[in-house]
Amino acid sequence: MNTHSTWPPPVPSWRKIIPFRKQIRAGANRVFDLFSFPLWLVVQRLRCGKKLVILCRSGALGDVVCTLPLCGELRKRHSNSRLVFLTHNSARKLVLLSRAADAVFGAKSWTFPFTLPARYKLPGIVEAIYNPQTTDELVPERGSVAHLIDDLASSCGVTLPVSDRQPRLFPSPELIKKAQTAYNLDGDIAAGRLVIGINCGHSWPVKEWSAEKWQALVDHIHAEFKAVVLQFGLTRGPDDEFENLRSVRPLWNRLEADEIVALIASCDLVISIDSGPIHVAGAVGVPVVGLFGANAPQFRLPPASAGSGLFADLPCIFCNHKTPRGHWFTGCPYDIRCMKELAVETVFQAVKKSLSNRKL
């Protein structure tokens, strides 16, 4: 009898194929964008009879929202043209909800930090191309000293009027109702429960607040209020600390952009680290409590919506706004004290204040 065996056992053929399938799909997406976008531009030009102005911002979610006020000024600058917004497909529905552009193209492969090259300024079709970028994207060592909305606009040579700086999103009542039904919020709202959204991350490590503190905050909320807590954000699998919070309704990793907008619009309050839901909440008029460290709240909170920004009092605070900039993307010489020293009780008191005028 043959007792010889192979160890480790052979990898099943389907597992060998999966990486190739991903590569093939990625390649197909690049081909799709390469050929379909210029054809789409031609169709837009023929359909409206006007030259096109392209505004390109492929990510991230919060940056796309903060780019929206720029649309109004570009319309004034190019009053006889059609404004089209180029973004990643994951943000396309969000831009449509803003009603800020005449048309939106969702690219399949062009993700952040993609910018649209000058070759797309097609003669007779495209009048101008704008690629809004932040200060740190343009000059990595330089810290920004303006609100994210103004920072993006100024990179395109635009100064926004004070009255037009707040992004707006307009989810329909039908979309909101559909999202509430899909995620079982109807009964909670009918029962008079508060709907509170939390966004823990993941994001840059220096923006994150520990899962232990998030859990303590959630426990405080349930002890004080009759509420349902929705958990937004991105997580990394079953062993992720943010996937194991108790007494929350987990929505991580599963929402389309328009669903995020509709569910945040259903909230009485959003509590978030410095990330996209802060900007979405402001765009639909929902109060927000923001947790900050590397970035200053006056440069991130919605400019015309109720919000409070919390931070620890440290000499190194707001390192992203200093020149040279602090090591805020992936590391910190001070062990991220700014987020570690932000107390749960400080955040909870801000939550109570924000909800003080709400019916419990």
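The values are calculated or read from the model by the stated rules, or taken from the named source; none is laboratory data. A quick note: this is a predicted structure, and the numbers were derived from the prediction, not measured. Every residue, glycine as well, gets a Cβ built from its backbone with ideal geometry; the counts of neighbours run over all protein chains shown.
Among what's in the range 79-88 and is crowded, with 18+ Cβ neighbours inside 10 Å and not β-branched (Val, Ile, Thr), pick the residue that is farthest from residue 114 (Cα to Cα).
Here the answer is 81.
Would you check if residue 254 is within 22 Å of residue 184 (Cβ to Cβ) and free of Cβ contacts under 8 Å to residues at least 24 places away in the same chain? Reasoning before the result, please.
Working: within 22 Å of residue 184 (Cβ to Cβ): yes; free of Cβ contacts under 8 Å to residues at least 24 places away in the same chain: yes.
Yes.
Could you list, in sequence order, all residues of the range 299-317 that are touching a strand residue (DSSP E or B) at 6+ places or on another chain (Cβ under 9 Å), of a type outside the set (Lys, Arg) and touching a residue at least 60 places away in the same chain (Cβ under 8 Å)? Walk me through how you get there before you give the answer.
To start, the set of residues in the range 299-317 that are touching a strand residue (DSSP E or B) at 6+ places or on another chain (Cβ under 9 Å) comprises 300-302, 305-311.
Imposing the further condition that a residue be of a type outside the set (Lys, Arg) reduces the set to 301-302, 305-311.
Result: 302, 305.
If you scan the range 193-240, which residues turn out to be among the aliphatic types (A, V, I, L, M) and without any contact (Cβ under 8 Å) to a residue 12 or more places away in the chain?
Result: 223, single match.
Name the pairs whose Cβ atoms lie under 6 Å apart, with the first residue in the range 318-331 and within 8 Å of residue 143 (Cβ to Cβ), the second assigned to a loop (DSSP other than H, G, I, E, B) and basic (Lys, Arg), and 6 or more positions between them or separate chains?
Final answer for the pair search is 323/142.
Listed residues 275, 266, 210, 247; which is among the hydroxyl-bearing types (Ser, Thr, Tyr) and within 16 Å of residue 344 (Cα to Cα)?
So the residue among 275, 266, 210, 247 that is among the hydroxyl-bearing types (Ser, Thr, Tyr) and within 16 Å of residue 344 (Cα to Cα) is 210.
Go through the range 220-248 and count every residue that is over 21 Å from residue 263 (Cβ atoms), surrounded by 15 or more Cβ atoms within 10 Å (Cβ to Cβ) and over 24 Å from the mean Cα position of the chain (by Cα).
1
Every residue in the range 171-195 that is in contact with a helix residue (DSSP H, G or I) (Cβ under 6 Å, 6 or more places away or on another chain) and either surrounded by 14 or more Cβ atoms within 10 Å (Cβ to Cβ) or not assigned by TED's automatic domain parsing to the domain that holds residue 245 (or both), please.
Once the filter is applied, which keeps residues that are in contact with a helix residue (DSSP H, G or I) (Cβ under 6 Å, 6 or more places away or on another chain) and either surrounded by 14 or more Cβ atoms within 10 Å (Cβ to Cβ) or not assigned by TED's automatic domain parsing to the domain that holds residue 245 (or both), the range 171-195 yields 171, 175, 176, 179, 180.
Test of understanding: among 154, 81, 109, 144, which residue is closer than 25 Å to residue 258 by Cα and either outside the structural domain of residue 321 (by TED's automatic domain parsing) or at pLDDT 95 or above (or both)?
The match here is 109.
Could you say which residue among 53, 65 is crowded, with 17+ Cβ neighbours inside 10 Å and part of a helix (DSSP H, G or I)?
Answer to the check: 65.
Restricting the range 115-129 to residues that are touching a residue at least 24 places away in the same chain (Cβ under 8 Å) and in a loop (DSSP other than H, G, I, E, B), which is farthest from residue 52 (Cα to Cα)?
Checking each candidate, the answer is 115.
Taking the stated definitions as given, is residue 132 in contact (Cβ under 8 Å) with a residue 60 or more places away in the chain and assigned by TED's automatic domain parsing to the domain that holds residue 81?
So residue 132 fits the description; yes.
Among 281, 350, 312, which is the only one that is within 30 Å of residue 189 (Cα to Cα) and surrounded by fewer than 22 Cβ atoms within 10 Å (Cβ to Cβ)?
Answer to the selection: 350.
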